[in-house]
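A.B. asks: Quick one: this structure, given as C-alpha cells, is what I'll be asking you about.
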Amino acid sequence: MPAPAIVWFRRDLRLTDLPTLLAARDRSTHALAVFVLDDALLRPSGTPRTGFLAGCLRALDADLDGRLLLVRGDPVEAIPRLARAIGADSVHVSADFGPYGRQRDEVVETEMAASGIPLVRTGSPYAVTPGRISTKAGTPYKVFTSYRRAWLEHGWRSPAATTVDTLAWLDPAELPPLAGSLRCSAPGALPDVGNKRDDPALPPPGEAAALRRWRTFRDERFSGYDVHRDRPDRDATTRLSPYLKFGCIHPRTVLHDLRDSAGPAASVLRSELAWRDFYADVLFHRPDTARRNYNARFDAMRYDAGPDAEAAFDAWRAGRTGYPIVDAGMRQLLGEGWMHNRVRMITASFLTKDLHLPWWRGARHFMKHLVDGDLASNQHGWQWTAGCGTDAAPYFRVFNPVTQGERFDPDGDYVRRWVPELRHVGGKAVHRPWARGAAAPLFAVNGPVSADGPVSTGATGYADTSVYPPPIVDHAEERVVALARFGELG
Ligand SMILES: Cc1cc2nc3c(=O)[nH]c(=O)nc-3n(C[C@H](O)[C@H](O)[C@H](O)COP(=O)(O)OP(=O)(O)OC[C@H]3O[C@@H](n4cnc5c(N)ncnc54)[C@H](O)[C@@H]3O)c2cc1C
C-alpha cells in the first residue's frame, strides 16, 4: 500500500467542493483526516464559536464515518510528529492567509521538510485567494469598488467535484500507537470545547446544515435580498457567515449557484462575498491592521478613559445604553452569538463615536461572542465604521441610533424581540422611549451592569433590568465631540 496522505482540516470543515482532497488523491489513495484543537485559537473564542466548532467537528466526523482524528495541542509540534508517526507521504491543507495561520504553516512546513514530507496548500477559504489580484501598478487594492471590479473580472473556479469517497479514510483506532504526548480524542467527546448548557442558541452545525440553509434561502427568500437585507427585523440575509467562517460551505459553491442570475439580488450577494475576500486581502497585505489602525492618522485620536468610560463600555456590552437599537443588537450578540450587519455598524459607531472608545475594544468583545467571529471581516468592519479603515468611510458619518432604528426597524419588531422592557411600546415609538410622557433625564452610567447577561438583582434605575434605562449619553452632543476630535487629527 502506498504511503497515506494527511488531510489537515482547519477552516474547511466539509467534504464537497474541497480541492484539498483532489490534491491528496493525486499522491495517495488513502488519507488520515485530522483536526488540531489549538489553544492559541480557542482562547480568544467565546463559547458560541467553540460550541459551534465542536458541533461542526462532530458533523464532519459523522460524515467520515467516525474517522476524524482530533488532536489537542500545538499544530507546529503535533502535525509533523503525526506525519512521521504514520509515515505520511504528504500533508494537505487549504491555505491560511491570516497572520497567525500563515506563520504556523511556514513553521510546520520547515519542520516536515527535514523528513521529506511536503505541506501541500490547495485552494483557500476565499473565492479569490488573498494576494491574487492587484492594481495595474502591482499594489494591493485600497478601495473596495475597484477591488470588486477586478474580483468580478478575475472570476473563480467551478466547485471541485469531491465527496467523502474521493479518498479512503484511515481509521484512527487502527493507527500504530501515536507518539507520547499527542493527546487524541474522538470528536464525540470534545471535552473542553464549549457547548455548555447555557450557550446561546447556535445555528445547526456542519456541512449538511450549511447547504440546507443556503438552498432554503436561495429558493425561498433570495429574490428580496437586495431590498430587505438591511432590515434586522426580518430573516432576510443568508446567515451563512458561521458556515463560511469554518468552511462548512465554500463561497465558490454559492457563487456557482448564482452564475445565471443577473438580477439585483445576485449582484448584491456577490458584492457581499467580495467584501469578505477584500478584507482578507487587506489583512494579508497589512497583517498589522489586526491590531493597529489601517490609517495611521488615527493613531493620534483621543479616547475617553476612566471610571465613566468603563461604565459606559459595560453598559454597551450589556445592551443597557438607553438607545433601543443599540441595546437590541448587543443583546442579540449575547443571545445568539450573531448580530445583523446593519446593527453591527450602528453599535460599532455608537461605541467609537458616541462613547469615544477605541474600536479594538469593541472588536475584541465581538470576537469573543460572535459565532462567525473572523479576524479580517471583524477588525476591518470595525475600522471601516470607526473611519480609520479602508474606503475612507468619512469620520463625519456618525450613525444616529434613533433614526437608524426608525429607518431599518420601522415597526420596532427587532427592538421588542430583544428588549423585553420595551415590549409594551407599540410601533416605531419604541425607538424613542423617552418621548413617552415626561422626558427622562440624561445622565452618566453609574449602575452595575454585566457584559455577560442581564444583572439579576439591582436596586433601582438602569441596574434594575425590568426598567429600561434612559440614554447614557446625548447623541447630538457626542456627535459634536466626535467631530471635534476628528478635526484635531490634522
Ligand atoms: C463591526 C462589524 C464587525 C463584523 N464582524 C464580522 C465577523 O467577525 N465575521 C463575519 O463573517 N462578518 C463580520 N461582519 C460583516 C457582516 O456583518 C456579516 O458577515 C454578516 O452580518 C453575516 O450575516 P449573513 O451571513 O446573513 O450576511 P449576508 O448578507 O447574507 O452576506 C453573505 C456573506 O457575505 C459576507 N459579508 C457580508 N457582509 C460583509 C461585510 N460587510 N464584510 C465582510 N463580509 C461580508 C459574509 O461572509 C456573509 O455571510 C462585520 C461587520 C461589521 C460592521
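A.B. asks: Whole-Hz Karplus ³J(HN,Hα) for region 397-404, in order, using 6.51 cos²θ - 1.76 cosθ + 1.60 and θ = phi - 60°, x for Gly and Pro?
C.D. replies: 7, 9, 5, 8, x, 7, 5, 4
A.B. asks: Counting alpha carbon pairs within less than 8 Å and at least 6 residues apart, what relative contact order, in whole percent, applies to region 1-123?
C.D. replies: On the way: 176 pairs, mean separation 42.8, N = 123.
Worked out over region 1-123, it gives 35 percent.
A.B. asks: Sort the following peptides by mean Cβ neighbour count (other Cβ atoms within 10 Å, averaged over residues), highest first: 340-348, 254-262.
C.D. replies: On the way: 340-348: 23.4, 254-262: 14.7.
So the peptides 340-348, 254-262, ranked by packing, come out 340-348, 254-262.
A.B. asks: Still on this structure, I have one more. For T321, enumerate residues with amide H under 5 Å from its amide H, sequence gap 5+ or separate chain, H modeled in the peptide plane.
C.D. replies: Close amide H contacts, sequence-distant or interchain: D327.
A.B. asks: Rounded if a/c is under 1.5, else prolate if a/b beats b/c, else oblate: with a ≥ b ≥ c from the C-alpha gyration tensor eigenvalues square-rooted, which is region 214-299? Don't jump to the answer; show the numbers that get you there.
C.D. replies: Values: a/c = 2.26, a/b = 1.87, b/c = 1.21.
Judged from the Cα gyration tensor, region 214-299 comes out prolate (a/c at least 1.5, a/b above b/c).
A.B. asks: Of all DSSP beta bridges located in the chain, what percent are antiparallel, nearest 5? Mind dumping the intermediate values first?
C.D. replies: Numbers: 3 of 21 bridges.
Expressed as a percentage, antiparallel bridges in the chain total about 15.
A.B. asks: Would you please classify the overall shape of region 1-123 from the alpha carbon gyration tensor, given that a ≥ b ≥ c denote the square roots of the eigenvalues, rounded means a/c under 1.5, and beyond that prolate means a/b larger than b/c while oblate covers the rest?
C.D. replies: On the way: a/c = 1.68, a/b = 1.23, b/c = 1.36.
Oblate shape, in that a/c is at least 1.5 and b/c is the bigger or equal ratio.
A.B. asks: What is the percent carbon and sulfur in the accessible area of region 41-181, measuring with a 1.4 Å probe over the protein chains and ignoring ligands? Intermediate results must be reported in sequence, preceding the final value.
C.D. replies: Numbers: 3300 of 6500 Å².
Roughly 51 percent of what the probe reaches on region 41-181 is carbon or sulfur.
A.B. asks: Quick check on the chain: helices-only [θ] at 222 nm, where DSSP H runs of length 4 and up contribute -39,500 (n - 2.57) each and the sum goes over total residues. Nearest 500, please. Please report the intermediate quantities before stating the final value.
C.D. replies: Values: 19 runs with 203 residues, N = 490.
Dividing the helical sum by the residues of the chain leaves -12500 deg cm²/dmol.
A.B. asks: Over the chain, give the accessible area per residue in Å² for a 1.4 Å probe, as an integer. Numbers along the way, then the final one.
C.D. replies: Details: 20520 Å² over 490 residues.
Here the residues of the chain average 42 Å² of exposed surface.
A.B. asks: List the residues whose amide H sits under 5 Å from the amide H of A5, counting only those 5 or more places along or on another chain, with H placed 1.01 Å from N in the peptide plane.
C.D. replies: So A5 has HN proximity to H30, A31, L32, D89.
A.B. asks: Note the per residue figure in Å³ for the convex hull of the C-alpha positions in region 256-374.
C.D. replies: Working: hull volume 16.3 nm³, N = 119.
Expressed per residue, the convex hull around the Cα atoms of region 256-374 is 137 Å³.
A.B. asks: Here's another thing I want to ask about it. Tell me which aspartates and glutamates have Cα within less than 18 Å of K428's Cα, excluding those fewer than 8 residues away on the same chain?
C.D. replies: Correct list for K428: D230, D233, D327, E406, D409, D411, D413.
A.B. asks: Related question: In nanometres, what is the gap between the two model label sites at A113 and R234, each 7 Å from Cα along Cα-to-Cβ?
C.D. replies: Placing both labels 7 Å along Cα→Cβ, they lie 5.4 nm apart.
A.B. asks: Less than 18 Å apart at the alpha-carbon level, and either on another chain or at least 8 residues along: which aspartates and glutamates does that give for K136?
C.D. replies: Candidates past the 8-residue exclusion: E153, D281.
A.B. asks: Provide R43, R231 ordered by accessible surface of protein heavy atoms (probe 1.4 Å), highest first.
C.D. replies: Numbers: R43 180, R231 40 Å².
Ranked from most to least accessible, the order is R43, R231.
A.B. asks: Can you give me the C-alpha center-to-center distance between region 338-379 and region 1-70, rounded to a whole angstrom?
C.D. replies: Here the answer is 29 Å between Cα centres.
A.B. asks: To continue, here is another question. Restricting things to alpha carbons, tell me how big the chain is in terms of Rg and Dmax, in Å.
C.D. replies: Answer for the chain, Rg first and Dmax second: 23.9, 82 Å.
A.B. asks: Hey, which lysines would be in cross-link range of K368, C-alpha to C-alpha under 16 Å, not counting anything within fewer than 8 residues on its own chain?
C.D. replies: Partners within reach: K196, K245.
A.B. asks: Something else: Search the structure for amide H atoms under 5 Å from the amide H of V120, placed 1.01 Å from N in the peptide plane, and list their residues when 5 or more places away or on another chain.
C.D. replies: The list, which skips near neighbours in sequence, is V91, H92, V93.
A.B. asks: With θ set to phi - 60°, apply the Karplus curve 6.51 cos²θ - 1.76 cosθ + 1.60 along region 350-364 and write out the HN-Hα couplings as whole Hz, x wherever there is a Gly or Pro.
C.D. replies: Those phi angles translate into 4, 5, 7, 10, 9, 9, 6, 10, x, 4, 5, 5, x, 4, 5 Hz.
The values are calculated or read from the model by the stated rules, or taken from the named source; none is laboratory data. Values in this document were obtained by computation on a predicted structure and should not be read as measured data. All Cβ positions, glycine included, derive from the backbone under ideal geometry; neighbour counts span all protein chains shown. Ligands, DNA and RNA are stripped out before the accessible areas are found, and what is left, the full protein with its side chains, is counted by its heavy atoms. Shrake-Rupley method; radii C 1.70, N 1.55, O 1.52, S 1.80 Å.
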